[in-house]
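Q: Let me begin by handing over the structure; questions about it come next.
The values are calculated or read from the model by the stated rules, or taken from the named source; none is laboratory data. Quick caveat, the model's predicted, so the values are computed rather than measured. Counting neighbours? That spans all protein chains shown, and the Cβs are built from the backbone with ideal geometry, glycine included.
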Amino acid sequence: MARILFLTSISLLAATPAFAMHISEGILPFSWALLWSLAVVPFLALGVKRLNVLAREDLSLKPLVGLLAAVVFIISCMPIPVPTAGTCSHPCGTGVAAILVGPLVSVVIAAVALLIQALFLAHGGLSTLGANTFSMGVVGSLAGWLAFRGVRGMGGSLAVSGFIAGMLADWGTYAATSLILASGIRGDAPLLPLFFQVVLAFIPTQLPLGILEGVITAGMVTLLYRKRPDLLVKMRVITEKELPTHA
Amino acid sequence: MPERKRKWRILLMHTIILPTLFFGIYFFSLAPKSWEGVDEAVVEKIAKEHGREAREPLIDPGSGDLLLFGFLLAGAVGGFAAGYYWRELTKKG
């Protein structure tokens, strides 16, 4: 108990001012904001449909999706200082969500987390919700899921696959953010130089944070494998043959 | 003799770990240093160079950091409770 109190006190002392890391309200011109919002709609519709299909098969999946939404919400507004860059940013969490419930449901999870952040925390914005959901939800989830499945298909362990998935989900998200930002603000300027300018500006912060997100994702997946491998089977992350012998 | 050696090792570990821990907490949180978010350092800076500036949020939470911290605490407590009662939560009725 004393240890919990000590750690809680340290956490409260360590609470630092937080900064938003998504594209803020008003940065994108209306036409671009609308375009990204429309681009997200089919993924959201497919995600809701997929969630309903999964919930029909097993109702207990819904609380799990709710829990994952809370995880993504917390992870994606948790500022982590990067001393080498002198800035702070956040992991995304959509990599682990995509691994566990699939990329389409992960898009819905990201949209809910980003909506709450935009409404109550002034993180991101309502007009840029579509753009932020596209980068973090669609690109982050797909990059994470494809990387995880790809590495698993090549015989990679859960930890290695989770690490690469988390890392690529993070880097994919910020690559997409760079493209969305560059295309929205460039005016008459050429797209590619501006895109690379944004990417280069993100690198000092996101390169180490992507590696950290890989470690977090690998840790979460291996922890689940050790403690609740049945959940991983239920979510089709592993097969019954891959269950640990003591489970 | 091994017991004495073990005590010295523990003492040595603490002389390294404790200052590192205190320095870490000071460096990352208590020091009067602003860790600029990449939204300001990258997104808003480059957007401003191209004539786009961030607007005030539609719903301004005012003390956003406090609200964020409240959300984080509530999320952590809710997550802990949901995790602790997970089997109850997912039990078939």
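Q: What about A:Gly150, is it away from chain B (no Cβ under 14 Å) and either part of a helix (DSSP H, G or I) or within 30 Å of B:Asp60 (Cβ to Cβ) (or both)? Walk me through it before giving the result.
A: Values: away from chain B (no Cβ under 14 Å): yes; either part of a helix (DSSP H, G or I) or within 30 Å of B:Asp60 (Cβ to Cβ) (or both): yes.
Judged against the criteria, A:Gly150 is a match.
Q: Give me the pairs, please: first residue somewhere in the range A:41-60 and within 14 Å of chain B (Cβ to nearest Cβ) and touching a residue at least 12 places away in the same chain (Cβ under 8 Å), second residue anywhere and crowded, with 18+ Cβ neighbours inside 10 Å and of a type in the set (A, V, I, L, M), beta-carbon distance under 8 Å, and either six or more positions apart or on two chains.
A: A:Leu54/A:Leu61; A:Leu54/A:Val101; A:Leu54/A:Val105
Q: Right, next: Could you check, for the range B:48-68, whether at least one of its residues is in a helix (DSSP H, G or I), more than 7 Å from chain A (Cβ to nearest Cβ), closer than 30 Å to A:Ala33 by Cβ and at pLDDT 80 or above? Step through it out loud before you land on a result.
A: Of the residues in the range B:48-68, the ones in a helix (DSSP H, G or I) are B:48-49, B:64-68.
Within this subset, residues satisfying the condition of being more than 7 Å from chain A (Cβ to nearest Cβ) are B:48-49, B:66.
Now drop any that are not closer than 30 Å to A:Ala33 by Cβ, which leaves B:48-49, B:66.
Still in the running and at pLDDT 80 or above: B:48-49.
Yes, the range B:48-68 contains a residue that is in a helix (DSSP H, G or I), more than 7 Å from chain A (Cβ to nearest Cβ), closer than 30 Å to A:Ala33 by Cβ and at pLDDT 80 or above.
Q: Same structure, new question: Looking at B:Glu44, B:Glu36, can you tell me which residue is surrounded by 12 or more Cβ atoms within 10 Å (Cβ to Cβ) and either modelled with pLDDT of 80 or more or not charged (D, E, K, R) (or both)? Quick ask: steps written out before the conclusion?
A: Values: B:Glu36 fails: either modelled with pLDDT of 80 or more or not charged (D, E, K, R) (or both).
Answer to the check: B:Glu44.
Q: For A:Ala143, indicate whether it is away from every other protein chain (no Cβ under 14 Å), closer than 22 Å to A:Val53 by Cβ, crowded, with 21+ Cβ neighbours inside 10 Å and in contact (Cβ under 8 Å) with a residue 24 or more places away in the chain.
A: Numbers: away from every other protein chain (no Cβ under 14 Å): yes; closer than 22 Å to A:Val53 by Cβ: no; crowded, with 21+ Cβ neighbours inside 10 Å: yes; in contact (Cβ under 8 Å) with a residue 24 or more places away in the chain: yes.
Here the answer is no, as A:Ala143 does not meet what is asked.
Q: What do you reckon, is A:Ile116 facing chain B (nearest Cβ under 9 Å), in a helix (DSSP H, G or I) and more than 20 Å from B:Glu44 (Cβ to Cβ)?
A: Judged against the criteria, A:Ile116 is a match.
Q: Can you find even one residue in the range A:65-74 that is more than 20 Å from B:Leu72 (Cβ to Cβ), touching a Pro at 6+ places or on another chain (Cβ under 6 Å) and either part of a helix (DSSP H, G or I) or not hydrophobic (A, V, I, L, M, F, W, C) (or both)?
A: No.
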